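Visitor: So that we are looking at the same thing, I have put the structure below in structure tokens.
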Amino acid sequence: MPSHSSSPKWISSTICGDEKQFVPAPFFRREFWLDRLPSQAALRITALGLYHAKINDHVVGDRALAPGWTDYRVRVPLQSYDVSSLLKPGKNVIGVILGDGWYCGRVGWFDRQRYGEKPELLARLEMEFPDATRVQIATDGSWKTTSGPILENDLLMGEIHDARKELTGWTTPGYDDSAWTPAQEGPDRDVILDTIDYPGVRRTAEIIPTPLDGGRYDMGQNFSGRIRIQVTAPRDTALTFRFAETLDPDGSLYTENLRSARATDTYICKGGGEETWEPLFTFHGFRYVEVDGLPADARLNITGLVLQSDTPPTGEFSCSHPLLNQLQHNITWGQRSNFLEAPTDCPQRDERLGWTGDAQVFIRTAAFNMNVRRFFHKWVQDIRDAQRASGGVPEIIPCPRPWDNEDGGPAWSDATIICPWTVYLCYGDTQILSDHYDSMRRYLEFIGREATIGLIRAHPDSKVYRGFGDWLALDGSGKLEGATPKDLIGTAFYAYDACLMAKIAAVLGKPDEARAYTELHAGIVKAFQRRFVTQDGLIDSGTQTAYTLALHFDLIPENVRAAAARALVQDIRQRDYHIATGFVGTPYILDVLTRAGYLDIAYRLLEQETFPSWLFPVKNGATTIWERWDGWTPERGFQDKGMNSFNHYAYGAVGDWMYRHLAGLELDEDAPGYRHIIFQPKPGGSITWASARLETAQGMAGISWKISGGTLEVELTIPENARGTFVPPAGFPQPSFPAFGPGTHVLRLQSE
């Protein structure tokens, strides 16, 4: 029976790579003796890098890529597993493999070792016996280490596994580890060991691909994950697996958009029968796999393994338009692919970074599709960890800090206020507001102090970063940042921030601060109007995004709102009913048109099938959302290979409108968390029926409707502890009793 109870030490291998050089993954083991079984046993474990742990040859937990991604200089997740059932009397062994992960592997387009030089392990097995005796096994210099079959591992580059070097039985008692060396103890680290159980990455689905010619396989779906193979081939057979989102016209893999990401796995067979392998420390964004090196008489089966953060599905949407249903499918898979430890921008190329702007435009749609409450609690904590002393928030969270922007720019860093507020609305969660309030306050003070001149944000004279503009807008400017002035975007979001902070302060019982933020908001609105709005309601630059932001954030005087809306519609008509907004304007444009009385124009944009539009990629075989409206066109082929992801959720923000307006499932800000549900369907376009269901904090809520021959049939589902109000579409009478309690309610209305 072990008797020591020292605190765990960070341990590592003596092998270390450099900024370019990969080294084999280190293996660690520790044997110990138990003369009886404990009544309770927990393994508390983390790593700088990634860990894969076993006890007595049984895998511990079901997480992938554990412990996850944080700013390792500040905070490291410490995870706990009940391992009572894995122990036995006599000899026992703990074995752990470490991967480079985000800690010392490639992050973004930067070199290795953004956070540290090599992976390190910290673990403690805590056992309690029936007589209340407590014993623990902790990482220290008594653990042994060696290298094995994982010759290289990297999240972006891939994994190389030489099965001929496998350490058979190394996690079983009695294994001969005499050739192993003592682990190297590292210094204590001044980091927070965070025990909050945030959602981990897990395998959520398996996909069986369709074989194609040339050793290629089609998963039928673009996704984030990896493969599992079953292969029977001679010893020394080296199989190389390459991954891609799409194919070139000649049927070969299109990999140019991966940039420097190698996205290649290699498996070297040991021979002697069927071998099964799945990489441990990498993932790819792909639909297609190509294998090279398979002998003619070999057998190979491939299975796609979908990886994502554990955010259970909550919402369902469908309607009478098949292409819109596929669009919803694509939105959901874009979310599944990119909500992996952080809300990342893309899973395939050398990036996969938590861009704040992408997250804030999509979060409301995300909260319909899946339960993202705990996911965003973790990411908002990452924001606090990355926030500068000045109060500024960088554009990437977690921030590997290859540069030192104090401010990520308008519509990007504003995620620090927008995202917590959205979580509060969707889940009735005041905790995220109270936890993050000081950070939000400091951020808004930074904007007012450093990034504005006369309440105009991102003024040309400001030395603070001016941001990314209306990223990837197709408004005729020819610039990635679009034609909408950055100071207009910045001031609009500054006003929105102040408006939200007034609401947040009121929710948290801070009336004096709420009044101060309300006054600040009023001042910014006046400044915006003086600078950007003419007396006739026209907006500086005249882009769709400029009008959309001004109208959505209520920055235009009421007496000229109608004129501004007409100007927006005129631009849409001049473009033959095509969208021209980028990341900033797209989430709001259909809401603005709906609110201004142009529901018909909103539907024409939504149902538009020609380029640029939401349905153009769908018509051209997309299974996720594209980064660019013109990621591929028949006339030009592929867009710029330097930035052309086919799995990028930002433009999927339209899903929010489809749930709230097309189907008609909306919350009440005064009763967040869907305690009061507003059912307000807005039929239009070619849509004849729609349905939406959402697992809310109160239970299942839903609406389904169909319209035929002037008759509207509606079924409402209201969960316990909630109430609902039905608002009929234009042209239908208000029911005698529009308010409903929990249960299922059926309405039949005849058009007036």
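The values are calculated or read from the model by the stated rules, or taken from the named source; none is laboratory data. The structure presented is a predicted model; accordingly, all values stated were derived computationally and were not measured. Ideal geometry is used to build each Cβ from the backbone, glycine not excepted, and the neighbour counts take in all protein chains shown.
Visitor: Can you tell me which of (1) of a type outside the set (D, E, K, R); (2) in contact (Cβ under 8 Å) with a residue 24 or more places away in the chain; (3) farther than 21 Å from VAL464 by Cα; (4) touching a strand residue (DSSP E or B) at 6+ places or on another chain (Cβ under 9 Å) is the one THR344 doesn't meet?
Guide: (2)
Visitor: Looking only at region 103-146, how many residues end up being of a type in the set (Gly, Ala, Ser) and either without any contact (Cβ under 8 Å) to a residue 12 or more places away in the chain or not assigned by TED's automatic domain parsing to the domain that holds ARG189 (or both)?
Guide: So the answer is 1.
Visitor: Looking at LEU444, is it among the hydrophobic types (A, V, I, L, M, F, W, C), within 27 Å of the chain's Cα centre (by Cα) and not in a helix (DSSP H, G or I)?
Guide: So LEU444 fails the test.
Visitor: In region 80-99, is there at least one residue being under 28 Å from the mean Cα position of the chain (by Cα), within 23 Å of LEU340 (Cβ to Cβ) and in a loop (DSSP other than H, G, I, E, B)?
Guide: No: zero hits.
Visitor: Another question, if that's okay. Quick check on my filter: what residues within region 267-296 are within 30 Å of TRP333 (Cβ to Cβ) and in a strand (DSSP E or B)?
Guide: TYR267, THR276, TRP277, HIS284, GLY285, PHE286, ARG287, TYR288, VAL289, GLU290, VAL291, ASP292
Visitor: Show me the strands (runs of 3 or more DSSP E) entirely contained within region 1-76 in which 1 or more residues are small (Gly, Ala, Ser) and touching a residue at least 60 places away in the same chain (Cβ under 8 Å).
Guide: Where strands (runs of 3 or more DSSP E) fall fully within region 1-76 and carry at least 1 residues being small (Gly, Ala, Ser) and touching a residue at least 60 places away in the same chain (Cβ under 8 Å), they are 40-48, 50-55.
Visitor: Could I ask something else about it? Among the candidates PRO681, PRO672, which residue alone is in a loop (DSSP other than H, G, I, E, B) and without any contact (Cβ under 8 Å) to a residue 60 or more places away in the chain?
Guide: Every option except PRO681 fails the conditions.
Visitor: With the requirement that a residue be without any contact (Cβ under 8 Å) to a residue 40 or more places away in the chain and among the acidic types (Asp, Glu), what does region 578-635 give you?
Guide: Listed by number, the list holds a single entry, GLU635.
Visitor: Still on this structure: Please go through region 355-371 and pick out each residue that is surrounded by fewer than 24 Cβ atoms within 10 Å (Cβ to Cβ) and charged (D, E, K, R).
Guide: Correct list: ARG364 only.
Visitor: Checking ALA653 against (1) buried (at least 23 other Cβ atoms within 10 Å of the Cβ); (2) within 21 Å of THR332 (Cα to Cα); (3) out of contact with any helix residue (DSSP H, G or I) (no Cβ under 9 Å at 6 or more places or on another chain), which single condition isn't satisfied?
Guide: (3)
Visitor: So if I check each of ALA498, ALA505, ALA567, ALA546, which one is among the hydrophobic types (A, V, I, L, M, F, W, C), at pLDDT 95 or above and surrounded by fewer than 21 Cβ atoms within 10 Å (Cβ to Cβ)?
Guide: The conditions single out ALA567.
Visitor: Of all residues in region 206-231, which are under 22 Å from the mean Cα position of the chain (by Cα), at negative phi and either polar (S, T, N, Q) or surrounded by fewer than 16 Cβ atoms within 10 Å (Cβ to Cβ) (or both)? Step through it out loud before you land on a result.
Guide: We begin by selecting, within region 206-231, every residue under 22 Å from the mean Cα position of the chain (by Cα); these are 206-207, 219-227.
Those left that are additionally at negative phi: 206-207, 219, 221-224, 226-227.
Passing the criteria: GLU206, GLN221, ASN222, SER224.
Visitor: Now for a different question. If I filter region 571-589 for residues that are crowded, with 19+ Cβ neighbours inside 10 Å, in a loop (DSSP other than H, G, I, E, B) and among the polar types (S, T, N, Q), do I get at least one hit?
Guide: Yes.
Visitor: Against the conditions (1) buried (at least 16 other Cβ atoms within 10 Å of the Cβ); (2) in contact (Cβ under 8 Å) with a residue 60 or more places away in the chain, where does SER686 fall short? Just the number, please.
Guide: Of (1) buried (at least 16 other Cβ atoms within 10 Å of the Cβ); (2) in contact (Cβ under 8 Å) with a residue 60 or more places away in the chain, only one is false for SER686: (1).
Visitor: Another question about this same structure. Can you find a residue in region 383-392 that is under 28 Å from ASP111 (Cα atoms), in contact (Cβ under 8 Å) with a residue 24 or more places away in the chain, in a helix (DSSP H, G or I) and of a type in the set (Gly, Ala, Ser)?
Guide: Looking through region 383-392, at least one residue is under 28 Å from ASP111 (Cα atoms), in contact (Cβ under 8 Å) with a residue 24 or more places away in the chain, in a helix (DSSP H, G or I) and of a type in the set (Gly, Ala, Ser).
Visitor: Among the residues of region 105-121, how many are closer than 19 Å to THR146 by Cβ and in contact with a Pro (Cβ under 9 Å, 6 or more places away or on another chain)?
Guide: 3
Visitor: Of everything in region 181-195, what is of a type outside the set (S, T, N, Q) and either in a strand (DSSP E or B) or surrounded by 12 or more Cβ atoms within 10 Å (Cβ to Cβ) (or both)? Give them in sequence order.
Guide: PRO182, ALA183, GLU185, GLY186, ARG189, VAL191, ILE192, LEU193, ASP194
Visitor: Let me ask something additional. In region 712-735, what residues are in contact with a Leu (Cβ under 9 Å, 6 or more places away or on another chain) and in a strand (DSSP E or B)?
Guide: Scanning region 712-735 gives LEU712, GLU713, VAL714, GLU715, LEU716, GLY724, PHE726.
Visitor: Next question, about the same structure. Identify, from the list ARG352, ARG287, the residue that is touching a helix residue (DSSP H, G or I) at 6+ places or on another chain (Cβ under 9 Å), buried (at least 18 other Cβ atoms within 10 Å of the Cβ) and outside the structural domain of TRP705 (by TED's automatic domain parsing). Break it down stepwise before answering.
Guide: Numbers: ARG287 fails: touching a helix residue (DSSP H, G or I) at 6+ places or on another chain (Cβ under 9 Å).
Within the list ARG352, ARG287, the selection yields ARG352.
Visitor: Would you confirm whether any residue within region 70-78 is among the charged types (D, E, K, R), over 20 Å from LYS378 (Cα atoms) and out of contact with any Leu (no Cβ under 7 Å at 6 or more places or on another chain)?
Guide: no
Visitor: Out of ASP82, ASP131, ASP140, which single residue is in contact with a Ser or Thr (Cβ under 8 Å, 6 or more places away or on another chain) and more than 29 Å from ASP350 (Cα to Cα)?
Guide: One residue alone meets the criteria, ASP140.
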